[in-house]
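The values are calculated or read from the model by the stated rules, or taken from the named source; none is laboratory data. Remember, predicted model here, so these are calculated numbers, not experimental data. Methodologically, a virtual Cβ is constructed for each residue, glycine included, from the backbone with ideal geometry; neighbour enumeration extends over all protein chains shown.
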Amino acid sequence: MDTSSSNVPVKRSHSESSCNEAYTTENLIQQPAALDSLPETAEVEDEMVRESVLIDVVWRGSEQYPLRIPKYATILSVKALLEELTGVDAESQKLLGLVRGQLPRDSDTLVGLGVSSGTRVRLVGTPLCDRLQPREGLSGSGLWESEMPPGPSDDAISGGLARMARSQVLSTDWQMQLQRIVEDTEIRVLNAPRAGRKLVVLDLDYTLFDCKNVSGNVTDMARPGLHEFLAAIYPVYDLIVWSQTRWHIVESKITLLGMLTHPHYKITTALDISSMLTIHALRNGREVDHQVKPLEFIWTRFPDHYCRQNTIHIDDLSRNFALNWQNGLKIRAFKRADTQPRTDTELYKLARYLLHISALPSLEALDHSQWHSYKN
């Protein structure tokens, strides 16, 4: 495709390079005609609602968290949601009232325990921030609050200011960290990579999921159009979820959201905080240490499928792109879904953009910072 005559934003400079997987006109996947032609997912989501139970969790005597959760969810999944809402880490939580006279096992399911809607549960546990003092110089309030920025919020920065706020890496120490992570980190491949597909790497919290939605309704926590978006791009993109939390939290969230069992798309793998590394950088005029998601980790582990030319990383925090700016696409954060009208259309617009560029032999020349202004 000749990008000079298209509506796709292109960078002014572009270095010619190639990856192990050659993309030619013969092996390109045909672009779906339109997002509107997607298979209906409403029935799937309605089934998830029907197959759920409402439990009323009480903490500290007065704080209440009504959670509507699929009845097949494990106790660990329930704890994962409560960790996000209360700051009590899942390992320290005790849930009283689910089973008479004993504590349920993390592997037990709500349906297996016979939990019915309206069950009242008491949470016993203390937030980690109340039990541990943060180490000197460490920002943030704990593992569950992993998305707290080291400087001004990314949402408050736009246009030229956003470019000025980019993290300028000041040290090469990250290269040694990356080598160690590549060698030591286990990857759970859920579905094998497919030949000829490009790759979309997706953040989870505030990109696809409002992790602080106090309504506790998993259906409301998902960003509007989540399943339609993933189903639309799946024919031409493999999907990897990468979240800055621990593995059991990531697994619980994508399970509760129905992302592992949806009939119209499959997740290649999910990555957690153990695949991230820390860089020393200049950001917003001051030196900071912050974590990033190095795409080189994926490219090294899947060299026959993914590379710089066929990967897009979608995140609500631009600092996560620090090592791979040319591959980063910043999306507006999805927050306060419980109090604001569900008028968010980011994923519908993003699907059209990704489908429009999917036939390009390489994505390296694109300027994803302009994706939002793309017009059909």
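Structural remarks
- Of all residues making up the stretch 68-101, the number that are surrounded by 22 or more Cβ atoms within 10 Å (Cβ to Cβ), over 20 Å from the mean Cα position of the chain (by Cα) and acidic (Asp, Glu): 0
- Helices (runs of 4 or more DSSP H) fully within the stretch 214-299 counting 3 or more residues that are touching a helix residue (DSSP H, G or I) at 6+ places or on another chain (Cβ under 7 Å): 226-233, 247-256
- The stretch 113-130 - residue that is of a type in the set (A, V, I, L, M, F, W, C) and modelled with pLDDT of 90 or more and, of those, nearest to the chain's Cα centre (by Cα): Leu123
- Flag for Val58 being at pLDDT 90 or above, touching a strand residue (DSSP E or B) at 6+ places or on another chain (Cβ under 7 Å) and exposed (fewer than 14 other Cβ atoms within 10 Å of the Cβ): no
- Test: residue in the stretch 346-365 that is free of Cβ contacts under 8 Å to residues at least 12 places away in the same chain and surrounded by fewer than 17 Cβ atoms within 10 Å (Cβ to Cβ): no
- Flag if His313 is at pLDDT 90 or above, closer than 28 Å to Ala195 by Cα, part of a strand (DSSP E or B) and not β-branched (Val, Ile, Thr): yes
- Restricting attention to the stretch 270-294, the residues that are more than 15 Å from Val169 (Cβ to Cβ) and out of contact with any Phe, Trp or Tyr (no Cβ under 9 Å at 6 or more places or on another chain) total 1.
- Enumeration of residues in the stretch 195-213 that are part of a loop (DSSP other than H, G, I, E, B) and touching a residue at least 60 places away in the same chain (Cβ under 8 Å): Ala195, Gly196, Arg197, Asp203, Tyr206, Thr207, Leu208, Asp210, Cys211, Lys212, Asn213
- When Phe229 is tested against (1) crowded, with 19+ Cβ neighbours inside 10 Å; (2) in contact with a strand residue (DSSP E or B) (Cβ under 9 Å, 6 or more places away or on another chain), just one condition goes unmet, and that condition is (2).
- Checking His305, His264 one by one, the residue that is surrounded by fewer than 21 Cβ atoms within 10 Å (Cβ to Cβ), touching a residue at least 60 places away in the same chain (Cβ under 8 Å) and out of contact with any Gly (no Cβ under 7 Å at 6 or more places or on another chain) is His264 and no other.
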